[in-house]
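Down below is the structure, laid out as structure tokens.
The values are calculated or read from the model by the stated rules, or taken from the named source; none is laboratory data. Just so you know, these numbers come straight off a predicted model, no measurement behind them. In this analysis, Cβ positions are derived from the backbone assuming ideal geometry, glycine residues included, and neighbour counts consider all displayed protein chains.
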Amino acid sequence: MNNRYSDIRSSVRSLCTGFSSEYWQELDEKAAYPKEFVSAMTKSGFLGALIPEEYGGSGLGIAAASAILEEIHLSGGNAAACHAQMYIMGTLLRHGSLTQKDKYLPKIATGEIRLQAFGVTEPSSGTDTASLSTTAKKNGNEYIVNGQKVWTSRAEHSDLMLLLARTTPIDQVERRHQGLSVFLVDMKSSMNAGLTIKPIKTMINHATTEVFFDDLVIPVENLIGVEGEGFKYILDGMNAERILISAECVGDARWFIEKATNYANERNVFNRPIGQNQGIQFPIARSYAQTEAASLMSTRAANLFDLGEPCGAEANIAKLLASEASWDAANMCIQTFGGYGFAKEYDVERKFRETRLYQIAPISTNLILSYIAEHVLGLPRSF
């Protein structure tokens, strides 16, 4: 178990005791947003962990933020409702103007406004981000946006969206990733003024949506950084995203291991605990070993990020190992519980569904393997 930031971990665990498995199960059944949980996290200052103190935040690093998210998942909760605010905010912090930071960061820190929506993925381009087709055409002091995003989670519950759109046609740039720009979209004022949100029903309660832009007007002052440099800005946040997701997966895996271990000790069949059988013991032990290894890589990636060192390989490997550890632990846990693993009251099936997502999002396992092959091992690009 990682004991770094023990005070923060203890505080998060204490907060999470107010949100029982029944709370999360009810939200899951209703596909409802955990507004009470998000409010409590905000009031406690945890969602402002990465915001500098001069803007009202805690000024902590990714390693501390990882501890927060891991503990939420270890406690049986789901940080998906609020984790994006941590890594999206980094783009504004690192590349936004002083005026933008002064205007938004203090309000994000207090929870007065939420920055939780990230508009990048599109139906036709998927993870081929450079091929996105949403456009933002400059017209005087405004940009006119047209296009569509998909899998934009929390759009209905966010005051601001970080949007990536093409400002220079792809046939007019030397490299495909050039000509993309990042904008802040005021969600409230944009509704029914060129912005339409359509919820997507999924196997988990993730509040994800499709977002449509029809001549949406964005003021030029909402452009973050330099026009055409948006892809580079987004990449900065992707390493943070992978590290934070890896921490959530480690938390999930530890929840499954604890759940399975307790059940294996308590459940008696043939006049002895099922945990006495190696067929039950070994999968739990293997999951424990996998999880501890994933945690070490997640910690290494977070430390490098906080030092300002290159960490692309470590961030991707951490996400790969942690997502596989959590999914293997989920399978192990449901197998340990047998039929009861499918019963909602034990909560295993909910967490089982939730942790499956991270084999695909925010980047698929295969794309991480492609990244390692090309950028770490020097093998030819496969696509």
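Close Cβ contacts (under 7 Å, 6 or more residues apart or on different chains) running from residues in the range 276-304 that are touching a residue at least 40 places away in the same chain (Cβ under 8 Å) to residues that are assigned to a helix (DSSP H, G or I) and among the acidic types (Asp, Glu) comprise SER287/ASP328; MET297/GLU314; ALA301/GLU314.
Of the residues making up the range 27-46, those that are over 17 Å from ILE113 (Cβ atoms), over 17 Å from the mean Cα position of the chain (by Cα) and surrounded by 12 or more Cβ atoms within 10 Å (Cβ to Cβ) number 6.
Of the numbered criteria (1) within 22 Å of ARG353 (Cα to Cα); (2) surrounded by 16 or more Cβ atoms within 10 Å (Cβ to Cβ); (3) touching a strand residue (DSSP E or B) at 6+ places or on another chain (Cβ under 9 Å); (4) not hydroxyl-bearing (Ser, Thr, Tyr), the one PRO199 fails is (2). In this entry, ILE113 passes the filter for residues that are β-branched (Val, Ile, Thr), farther than 16 Å from VAL182 by Cβ and without any contact (Cβ under 8 Å) to a residue 60 or more places away in the chain. Looking only at residues in the range 219-238 that are hydrophobic (A, V, I, L, M, F, W, C), surrounded by fewer than 16 Cβ atoms within 10 Å (Cβ to Cβ) and part of a helix (DSSP H, G or I), the one that is modelled with the highest pLDDT is VAL220.
The numbered conditions (1) modelled with pLDDT under 95; (2) touching a Lys or Arg at 6+ places or on another chain (Cβ under 9 Å); (3) β-branched (Val, Ile, Thr) are all true for THR167 except (1). Going by the conditions given, is ARG356 surrounded by 14 or more Cβ atoms within 10 Å (Cβ to Cβ) and under 16 Å from the mean Cα position of the chain (by Cα)? Yes; evaluated as a whole, the condition is true for this residue.
Taking the conditions exactly as written (in a strand (DSSP E or B), in contact with a Phe, Trp or Tyr (Cβ under 7 Å, 6 or more places away or on another chain) and of a type in the set (D, E, K, R)), does LYS137 satisfy them or not?
Yes; evaluated as a whole, the condition is true for this residue.
So LEU184 clears everything in (1) touching a helix residue (DSSP H, G or I) at 6+ places or on another chain (Cβ under 6 Å); (2) closer than 30 Å to TRP327 by Cα except one condition, right? Which one? Of the numbered conditions (1) touching a helix residue (DSSP H, G or I) at 6+ places or on another chain (Cβ under 6 Å); (2) closer than 30 Å to TRP327 by Cα, the odd one out for LEU184 is (2).
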